[in-house]
1. Distance in nm between label sites at Gln31 and Ser48, each 7 Å beyond Cα in the beta-carbon direction?
2. Could you calculate the contour length gain from Leu62 to Ser12, that is, 0.36 nm times the residue separation minus the distance between their Cα atoms, to one decimal place in nm?
3. List Asp26, Asp44 from most exposed to least, where exposure is judged by having the fewest other Cβ atoms within 10 Å.
4. Tell me which aspartates and glutamates have Cα within less than 20 Å of Lys2's Cα, excluding those fewer than 8 residues away on the same chain?
5. After finding the eigenvalues of the alpha carbon gyration tensor for the chain, what semi-axes result from the square roots of 5 times each, listed largest first in whole Å?
6. So for the chain, taking the charge dipole from beta-carbon charges (+1 Lys/Arg, -1 Asp/Glu), which of Ala32, Ser9, Leu19 sits furthest toward the positive end?
7. Using a Gaussian network model of the chain whose springs link C-alpha atoms within less than 10 Å, name the residue from Lys49, Lys57, Lys15 with the highest mean-square fluctuation.
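We did not get these values from a lab; they are worked out from the coordinates using the rules stated. The shown structure was predicted, so the numbers you read here are calculated from the model rather than taken from an experiment. Cβ: placed from backbone, ideal geometry, glycine included. Neighbour counts: every protein chain shown.
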Amino acid sequence: MKNKYVHRSKISEAKMRQLIHAFSLDLTATQAAQLAGVNLNTADRIFSKIRMRIFEKIAADLPSKGEF
């Protein structure tokens, strides 16, 4: 099954949705990994990518006045 959230991902779209849902519930990567049944490193990597995407969206909307 193709994963529409991450290009060339080896985890299913359902597991990706579980990780995104766990991120929105403010669970830790360890808790999310256990919930979704994936490796902790995978959950941590996905959480980092979500955080970076949120930062990029916020930074694009705000005028830059120096370093973050």
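1. Each label point lies 7 Å from its Cα, and together they span 2.2 nm.
2. 14.6 nm
3. Asp26, Asp44
4. Glu13
5. 26, 14, 10
6. Ser9
7. Lys57
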